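Beneath this line is the structure, given in C-alpha cells, with notes to follow.
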Amino acid sequence: HPVNMQHTIGGRRSAAGRLLLPAICVLLLLTGCSVNYGFSGGDVGNAKTMSVELIEARAPLATPLSAQLLTESVRDLLLAQTPLKLKQSEGYVQYSGALVGYDVQPVSIQANETAALNRLTMTVQVTYINTLDPKKNKEFTVARFADYDSSMDITTVEERLAREIGNQLAQDIFDRTLGNW
C-alpha cells in the first residue's frame with residue numbers, strides 16, 4: 001500500500017509539474033516578447049504626404065527606362081521607410097530631379113589592354129522641398145555606380161543595373177533629406 005500511496009502522490013506532483021512548466025513558458029513568452037512595427041527613423045516632422053515627380057532623363061545616354069526605375073526606387077524606399085502617404089503632386093515634402101549623368105567607362109584593364117569590366121555611373125540632381133520647414137529645402141547631386149562584364153552589351157544589363165544603382169541612389173537621397181546627415 002505505501003507504494004500505491006507514493007505513486008498517487010508522485011503522480012499528482014508530476015501532473016502539476018507538467019501543467020506548471022508549460023504555463024510558465026507561455027507567461028514568459030507573452031510577457032517577454034513584443035513585436036514593434038516602425039520605420040527606419042526618417043525625420044518627417046509633421047508631414048503626412050510626399051510627392052516624387054518623375055525624374056527626367058537629361059544625360060545624353062540616359063534612357064527613359066533608367067529614369068523611371070530611379071523614380072520608382074525613390075518612391076518605394078520613402079514608402080517603406082517613412083509613414084508618409086504618396087500623392088501625385090504637392091505633398092508636404094516634394095522630390096524632383098534629373099538624371100544628369102549616365103556614363104559607361106572601362107575598368108579592370110587586363111594584360112592585353114582590354115577591359116574585363118565596364119562601369120555604369122548614374123548621377124542624379126535632386127531638389128527637395130519641405131513645405132512645412134523651408135529651412136530644410138535643398139538641392140544636391142549624388143552619384144553611384146555598378147560594374148558589369150565588358151563582354152555584355154549595356155542594353156542587355158541596363159534594367160538590372162538601373163535597379164541596383166537606383167536603390168543605392170534612393171538610399172542616398174533619403175539620407176540627405178529625411179535621414180538628417
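How do the pairs read when you match residues in the stretch 160-178 that are open to solvent by less than 10 Å² (accessible area, probe 1.4 Å) with residues anywhere that are aromatic (Phe, Trp, Tyr) and at pLDDT below 95, using Cβ under 9 Å and keeping only pairs 6 or more apart or on different chains?
Short answer, once both residue conditions are applied: LEU161/TYR148.
Output yes when any residue across the stretch 31-41 is open to solvent by 30 Å² or more (accessible area, probe 1.4 Å), farther than 30 Å from LEU161 by Cβ, of a type in the set (A, V, I, L, M, F, W, C) and at pLDDT below 55, and no when none is.
yes
Where in the stretch 41-133 are there strands (runs of 3 or more DSSP E), lying fully within it, with 3 or more residues that are of a type in the set (Phe, Trp, Tyr) and without any contact (Cβ under 8 Å) to a residue 60 or more places away in the chain?
Correct list: empty, since no element meets the threshold.
Restricting to the stretch 56-95, give me the number of residues that are among the aromatic types (Phe, Trp, Tyr) and under 18 Å from PHE145 (Cβ atoms).
Result for the stretch 56-95: 0.
From the residues in the stretch 138-159 that are open to solvent by 90 Å² or more (accessible area, probe 1.4 Å) and β-branched (Val, Ile, Thr), which one is modelled with the highest pLDDT?
THR156
The values are calculated or read from the model by the stated rules, or taken from the named source; none is laboratory data. Being a predicted model, the structure only gives us computed values, none of them experimental. Heads up, the Cβs are rebuilt from the backbone with ideal geometry, glycines too, and the neighbour counts pull from every protein chain shown. Heads up: the accessible areas ignore ligands, DNA and RNA and are worked out on the full protein's heavy atoms, side chains in. Shrake-Rupley method; radii C 1.70, N 1.55, O 1.52, S 1.80 Å.
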